[in-house]
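Just so you know, all these numbers are worked out from the coordinates, no wet-lab data involved. Just so you know, these numbers come straight off a predicted model, no measurement behind them. Here the Cβ positions follow ideal geometry from the backbone for every residue, glycine too, while neighbour counts run over all protein chains shown.
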Amino acid sequence: MEAAGAEQLGRILFEFGKFEMDVALCVVWACSGQRMDVLTGQVNNSSFGDKLDLLRQLVDQYTAPDSSAWRAYGDWLARADDMRRLRNRFAHGRWGVDPKSHEIVNVAGVPTSLHQNEVRFTIEGLSAVIGNIKELRASLALLREEWPL
């Protein structure tokens, strides 16, 4: 069970890396790449959250408020931010296996803390996270085709 969980978590890390790169490239290619040098500098050492914030700023700058494009990007950014929070949880929590329930367990917080919390996943649930990341990547590609920034 631990090996299967570790395999899924490794695959998730690979997908998160691709996802973050897609967001970074979306930002630096805004304005048909005319601001690539400046935007590359901003993106280069930014956290994933900062990259999403930069994308939000570009959406606000290059789409009309309350337009279809603005709403579509806004909905996508909300989903991407949810995935960012999950990624942070994955990176900063510790992992274990509950052999009785056949679940992979992520625990956040120090063991001596009263504020520990855990999230449990099945192998299928971890696989679904991979599917969600892939869907977000595909959705971003479609947004860029429909409404380039």
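Could you tell me what fraction of 2.2 N^0.38 Å the Cα radius of gyration of the range 1-89 comes to, as a two-decimal ratio?
Here the answer is 1.25, to two decimals.
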(request) Obtain the nm distance between the two label points defined at Leu142 and Ala4 by a simple spin-label model: each point lies 7 Å from its Cα along the Cα-to-C-beta direction. (result) 3.1
(request) Once you have the Cα-Cα distance between Ser47 and Glu118, take 0.36 nm times their residue separation minus that, and quote the gain in nm to one decimal. (result) 23.1 nm
(message) Using the basic label-point model (7 angstrom from Cα toward the beta carbon), what is the Lys100 to Lys134 distance in nanometres?
(response) 3.5
(request) For Glu103, list long-range residues whose amide hydrogen, built 1.01 Å from N in the peptide plane, is under 5 Å from its own amide hydrogen. (result) Asp98
(message) Per residue of the range 26-41, what does 6.51 cos²θ - 1.76 cosθ + 1.60 with θ = phi - 60° give for ³J(HN,Hα)? Whole Hz please, x for Gly and Pro, Karplus curve as stated.
(response) 4, 5, 6, 8, 4, 6, 6, x, 5, 10, 4, 4, 5, 5, 4, x
(request) List, in order, the whole-Hz ³J(HN,Hα) value for each residue of the range 109-119 obtained from phi through the Karplus relation with A = 6.51, B = -1.76, C = 1.60 and θ = phi - 60°; use x for Gly and Pro. (result) x, 6, x, 7, 8, 7, 10, 5, 9, 10, 10
(message) Run through the range 1-99 and list the GluC sites (Glu not before Pro) located in a DSSP loop whose Cβ has at most 14 other Cβ atoms within 10 Å.
(response) none
(request) Starting from the Cα gyration tensor of the range 75-149, take the square roots of the eigenvalues, sort them a ≥ b ≥ c, and report rounded, prolate or oblate (rounded when a/c is under 1.5, otherwise prolate if a/b is larger than b/c, else oblate). (result) oblate
(request) Send over the per residue convex hull volume for the range 14-149, Cα only, as a whole number of Å³. (result) 126
(message) Can you give me the C-alpha center-to-center distance between the range 60-99 and the range 16-42, rounded to a whole angstrom?
(response) 17
(request) Run down the lysines and flag those whose C-alpha is under 18 Å from the C-alpha of Lys18, throwing out any fewer than 8 positions away in its chain. (result) Lys51, Lys134
(request) Set the Förster radius R0 to 41 Å, insert the Cβ-Cβ distance between Lys18 and Ser67 as r into 1/(1 + (r/R0)^6), and round the FRET efficiency to 0.05. (result) 0.90
